[in-house]
Every structure is written in C-alpha cells, then in structure tokens.
1. Percent relative contact order of region A:18-215, based on C-alpha pairs within less than 8 angstrom and at least six residues apart?
2. Normalized C-alpha radius of gyration of chain B, against 2.2 N^0.38 Å?
3. Where does the charge balance sit around A:F58 when Lys and Arg score +1, Asp and Glu -1, over other residues with C-beta under 15 Å from its C-beta?
4. In Å and from the alpha-carbon atoms only, list the Rg and Dmax of region C:2-53.
5. Take peptides B:31-44, A:179-192 and line them up by average Cβ neighbours within 10 Å, highest first, as a rough protection proxy.
6. Whole percent per 10 Å bin, from 0 to the bin with the longest distance: what is P(r) over all C-alpha pairs of region B:57-124?
7. Return the loop-located trypsin sites (Lys or Arg not before Pro) in region B:116-188 (DSSP other than H, G, I, E, B) with at most 11 other Cβ atoms within 10 Å of their own Cβ; answer none if there are none.
8. So which lysines pass the test for B:K13, namely a Cα distance under 25 Å, with those fewer than 8 places away in the same chain ruled out?
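Since every read-out is calculated from the coordinates, none of them should be taken as a lab result. Since the structure is predicted, the reported quantities are computational estimates derived from the model, not experimental observations. Cβ atoms come from the backbone with ideal geometry, glycine included; neighbour counts cover every protein chain shown.
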Amino acid sequence: MSHDNSSPSSLQHHFHDVKQQYETAKLGMWAFILTEVLTFGGLFVAYIVYRSWYPEMFINANLLLDVNKGLLNTVVLITSSLTMALAIWAIQKKNKNLSLVMLILTFILAFMFLGIKYLEYSHKFEVGQLPGEYYSYMGPEIAHINNPHIFFSIYFMMTGLHGLHVAIGMGLIGWLIYATAKGNLHSKYYTPMEMIGIFWHLVDLIWIYLFPLFYLIG
Amino acid sequence: MIENQKNYLTYPKGIMSWLLTLDHKRIGLMYLFGGLAFFFLGGLLALGMRLELAAPGNDFMSNDTYNNVYTLHGAIMIFLFIIPAIPGALGNILLPLMLGAKDVAFPRLNLASFYLYTLGALFTLYTIVSGGVDTGWTFYTPYSTTSTSNVIPMTMGIFIIGFSSILTGLNFIATIHKMRIPGLTWYKLPLFVWALYGTSLVQITATPVIAITMVLLILERLLGIGIFDPALGGDPVLYQHFFWFYSHPAVYIMILPAFGIISEIIPVHSRKKIWGYKFIAFSTLSIAFIGFLVWGHHMFTSGQSVFSQIVFSFITYFVGIPTGVKIFSWILTMYRGQVSFTPPMLYALSFLFLFTIGGLTGIFLGAVALDIHLHDTYFVVAHFHYVMQGGTIVAFLGGLHHWWPKSMGTMYNQTVANICCLGVFLGFNGTFFPQFLLGLRGMPRRYATYDPQYADLHSYSSFWSAILGLSIFIAIMNLLWSLRKNNKLDPGTNPWGAMTLEWTHTTSPPHPHNFEEEPVLEHGPYDYDKVIVEPTFKK
Amino acid sequence: MAHQHHITPLSTYLTIAATLLFLSGVTVWVSYIDLGAMNIVIAMLIATTKATLVALFFMHLLWDDKKLLTIFVMSLMFLGIFITITLLDTEFRGGVNPEVKNPINKRAAFYDSLPLTDTHGNPVDEHGSSHPEEDEDHH
C-alpha cells in the first residue's frame, strides 16, 4: 500500500504503525456498536413484551402516527447514509471538496430528520398524546385501549433515544466538516470519518426497524 | 534493565501529571485507591449492620435506617468496589505489561473511564448525604418507583459507572486483540489476560442493559411511563428481567478476574506449570457465555411463568461445570509442585476453600424447590458473600500481595500479611457460616431485628465480623506501611520467581513507558519445566 | 492512513441506496394489505434485508476482517437471547395458575380523572360536543 511510511503526526506513540492504529480503532468502534445494539435492544424487549400482551394497544394507537412523516424520515435517513458513505468515498479519491459537500448534505439531512420529528412531537404535545402520567388524549381511536400512555411512553422513549443519537451524530459530523475543511482529515488519514460513518449507519439501521414497528403495524 | 531510577510513580511529577495522566499504571493506581476507599466505606456500613444485628431488637438503628444501610452497603460494594476493582486497578496496571505493550489501546478513553467512575461515585456520595436510599441494591419496582428516598441520584450514579465499566471493557478487548508483541499468541498469554478478556466481553454486552434499565426506572419515577409499576399498567417482573439480565453476568464480571488472579498465583507459588491451560482459558469463555442464559434463577419467587423457572434452573446447573474444571486444574497444578506459603499463596488457598463453598451453595439455590424456601433468607446472603468476598475479595487481596512488589517496588511484612490472611479466613468463616444455618432456619434478609431464637447465631456472626474487618484493615495497612521511605527494593526484584513479561522485562516499579525496548518472547508464561527463574529479593 | 485496500465503487453505493429506498416503498405498500399475522413477519423480513444491506455495504462488513462481522452478529445474538428467554416468561404466565395470567388492574388509575377528547385533544362533554381548550388545566 502506498502511504507515508515515516511516522505521520496522526500516529500515536503506543502503536507500531498506522495499520495497527487503524485496525484497533475499527475494532473498538464495532465493540461500541455492540453496546448500542444492547442498549436499544432493552427498549425493543419492552416493545415486544407489551405488544404481545396488548396487541390492540399498538395496532390502534399507531393510527395516531403520521405514516407520511415516518416515510419521509426514512427517505431522509437512507439518503443521509448514502451521503455519509460518499463523503468517505470522496476523501479516499482525494476529492476534499466533494467530501465536504457530502458531509454538509449529511448534516442538513440529519437536521431535516430532527425537524420532521419536532413537527410530529409538537402535534402530539398539543393533543395530549404524552408519555406516562402526562397523557391526556382520550379521542375516538383509542376508545378500546386500556393504557394508551404505555404505547406513547414506548414510542417517545425509542424515537427519543434514537433522536438523541441523531443529534449527537450531527455534532460529530459538524466536527468532521471542520476537521476536513482545515485539512486535518485527508486521503491519507480519515479514520475518524470512517468511524463516525459507522455510527451514523447504525443510527440509520435502528430507524429501519423503528419505522415499520411504530408506523406500519395495524 | 534501565539504569536511571525513573519509574511511573515518580515521573512525571506534579498533581496535574496524575490528574491528566494517560499512563495506564497511574490510572490503575487511582482506581486502586478509589476502590479501597469505597471498600472501606462499604465495610463500615457492614460492620454497622452486624453491630445492630448482634442482639435482637432495634438497638441503635430504626428499620428505616437499617434499610438505607444495607442498600448503600450493597450498591457501594458492588458498583464502586467489586466490579471496578480488579479490572480497573490490577487490570489497568498489568495488562499492557503482560502483553509487551506500551499502553492500552485507547489511553484517553481509559482516563475517561476513571473520571466516569469518579462522577458516579460523587452521585453515590450525594445520595448518602441527602437522605440515602432504602430500596435494596436491586431497586425492585414498584417500591423503587414510589419510595420517597433518593432513588434517582443513586440510579444516575449507577448509570454513569456503567459507562465507566463499558469503556474499560472496550479498551481491554481492543488491547488484547491488537497490542500483543510478535509471537505472543493466544495460547501463550497469561491466564489473567484470558480472564480480563472474558470479563470485558461480559462488560460490553451486559452493562448497556443495566444502563437502559436505570433510565427506564428514572423515567418511571419522573413521568410514570407505565412499564414496571402495576399501578400504571406495568409489570414489576419485567423490571426484574431487565435488572438481572445484567446483574447475573455482573457476578461473572466480579469473579472472572479473580479466577485470573488465582491462575497466576498458583503456578508461580508452586513453581509449577499450570495444569490444563486450555481448560482454564475455554472455561472462562464458557462461563461468560452461559452466564447470560441463567438470570431468572434470581426470580424463582417473583411470579414468572413456571415454564421459564424450569428452563432457568436447568441451564443454571451447567454454569457450575466450567468452574469446577478450573478448581480441579488449580489443585492439579499444586500437586507435586514446590508450594511456598507466601501471603499470595495463602490467599489463593483460602480462595479455593471459600469459593468452593460459595459456588456449591449457589448450585443448591439453583434448584427451584429449594430456592422457594431459601430465597430472601440468610442462606442467600451467606452464599453470595462466600463467592463475592470469600472469592473475589480474597483473590483481590492475594493479587495485591502478589503484585505489590512489582507495582510499588516495596515489600510488605510477610509475617504480618500471613497472620492477617489467617484472620480473614477465620473471621470470614465465623461471620458467614452461621448465616447458612440462620437462613435454613428461616431468618429473612434485610430485617433489622429478629426473633430471639436466632440470637445465638447472629451474635457469633457479629463477633467474627469484627475479626474479619480488623484483619482486612491491618492487611491493607501493612501494604501501605511498606511504602515508607528507604524501604525500596532493587528495581530488578522478582521475589516470587515469576516468568510472565511484567516480571521478567520491567523494573519494579516499571518505567513510565513500560519497556526500554519491545520485549522478545522467549518462553511461555508458566514454563517452570523448561526454564529456571530464580526469585530475587534485594533491597 | 487508509488501510482499506478496497474502496467501495460509487455504483455499489448508489445501487444499494436505490434498493433501500425501493424496499422502504414496498414495506409501506404491503402494510396497507391485510395479511393478518403475516404483516409483522413480512415487515420484519424487509427491515432485516435493508439492515443487512446497510451493514454489509455501507458499513463495509462484507470486505472487512471477519472479526468485525462476528462482533455485530454476536450483538444480535445476545439481544435475541434477551428477547427469547424473557418471552418464555411473559408468554407462558398462567401455565400452572391461570389466575396470575392477567394483571389485577387493567387500567391505570389516573385515567379515571381524564375526560374523553376529540381528535384535536379538546375535551368532549356527555352530549358528544367538544369544547376547544380555554384553560391550561388539562391533566
């Protein structure tokens, strides 16, 4: 592989060479992904258990979610995964400007996701579809459900935790934009971009499951 | 050996060089002192409980006070001492040395782990001073969702410490996979490294679930989300599933590193190659895996389905098998070895006795019919103290005594250490063996007072707990006393004649960057049959 | 320094992205057809297909060291263990004692004080007519 063999400034002192450092970073990142799967997984367990106990709660309450917004968010997130991957592709191809464009697009799409979520949440807050004891919407769709607040609790917790990860991802992507623009990340060293990319794809992955489970059942 | 006297304790200088250190050995030392401080605090709480229980009636603690004391004792001991101590202190100091590496994979993350531990500890201290928490360290709902005590700060503390644990596990996995010197293949690793590896796998897989559980508990209290509290439509048994999915593997996080320490002490102090290296290595991974399948054996009286009771009980019986394999391997290692009765070895021998009792009684509890009677009695209390204290803490003390000369460059008074070990052994058995009998006779746990028929056994238990506490205290003071001026050993000291890399290729204490030049592996970790390494002990 | 000897081709990225968008559309379309219990199964199969594409191609697992794929699969396996064994409890309650199968109180207590509302969240009186919100005291 043709790269700079003398110690680049990116090589930390406890590693022999950049290859070891890169592979270690990747291993660490995937171990972290494992922890994220288990964290969200706990919430999936709560979903599955309550859904199997009270199917009518999920099937009917989902009528109150806006499928169009959910689908739009799905499209937004998939596209942002593409732009993130293309940002890395561009930097591998030594095209710094294209990489920056892709990163900025990813950032904007992430922001759009949160914007659409904000619209969804604010509507729910208006009509009283709130988590837990703050729940007060007793409209016709949920007439035959005993504890609709549980559905909304699970909904807000899962989409909320996911949204928090989107926000954190935005922060990380913002840092990538800065570091790339400054020239700290380039075709010979872009490990952080790749690692944050893996995180971003995980965020997309989780939404791939959240979308059908909340918006498309029933 | 390095000519100048620079070692990681003295160089670099200044408090900021410690607070902002990236040196794994310094971070390990900070974990050690943090852990010992909380061990001391947890121990005082325990002695308070034993004092109260020495006679029937509420002598100086009301029931409410007692509830707070046992909750804090449990939470502090488990989350602030036993889980972090061996990986955080001994693991951090030794792992890179055993691998021939200059540091762990992610030194800054390592420092972050320590600060998360500190932050979690602060939340715990806040909980104590602001009225305590009285739910038991298990925080079962619905009491924990409705109790007026300080549940939220305590659970926030546990949440934060969980991340400390996760990051340490992550760091160690990456380090063990990627930072070994050439030639140091998996089957040439010291077994302590295998133990840390198994522990780290469990840490990263199980701890996220306690994190989300604590979040859910906090939200249940704050918002009434309705997942765990029946008054809100939730299921309290579901809470227990979430809680124990982590907390059962957590007990393996507590014991696997201890097993690793024993695997290091016994071959060295028997001057004999370990018997069954691969058995021990693979049994570590088996325990780590099977440990994820058995959590419901903590829930036999909770109201879970009978079908799951059967499944959990059945699988629980398998988890004892790999542990038994280890015990036999250690005993076979000592057979026909040259056993020297040094403090580390005495602690290891204590471990074999005490842990076997603890492990066996765990198997008894795995039978549903028996557990129905013994659940929430002192039998369970005795069982887990035999494994956690007779097991992990005894192994931890053994490990401290074994690696003290290496990491501190001083030697403690071995006679005092041996006497303290005997005191720990006798004090421990005296405290906790009567508790098996109390439990079998129906004494419930978490009760501040009791009927007079239990008084005799309780008074014996309390008496011996004082001996236990005193012995541990003097043992640690003896270690610390060795740090006095002008008591330093020659940097080339290897008092036990061990042959793993941390002994053969570093000074005592080690240089800040561990090795002058990268070590070249010459032999296996326990090749006493091929290589002679003489103990050296000079001042 | 890049150590991917392999740079994913642009065409691969675009094809996978298009497939993901297509599958998203399919899953929405299928959800409007009533297939009973199969709806959730099909939705999960489609979601898993999409997730696999993201993991293998966007996250590069197809070409990376197999250890990384192992880590990812193990995370799903342990999640599967958590789900499955918990369901062994929750699905089989009442197996020996039927009376413990269902909770004692089906409805949380705070619902007793909540009025019915219309679809805008405004309280509805006994005649079924709604009153737009006049005050904040809603809960």
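1. Working: 177 pairs, mean separation 62.6, N = 198.
Relative contact order of region A:18-215: 32 percent.
2. Values: Rg = 22.8 Å, N = 539, 2.2 N^0.38 = 24.0 Å.
For chain B, the normalised Cα radius of gyration comes out at 0.95.
3. Working: positive: A:R51; negative: A:E56, A:E141.
Surrounding charge for A:F58 is -1.
4. Rg then Dmax for region C:2-53, in Å: 15.0, 49.
5. Values: B:31-44: 18.7, A:179-192: 17.0.
Output ranking for B:31-44, A:179-192: B:31-44, A:179-192.
6. For region B:57-124, the binned pair fractions read 17, 35, 23, 14, 8, 3 percent.
7. Values: sites: B:K178, B:R180, B:K188; in loops: B:R180.
Listed in order of number, the matching sites amount to none.
8. Answer for B:K13, where 25 Å is the Cα cut-off: B:K25, B:K102, B:K406, B:K485, B:K488, B:K539, listed by chain and number.
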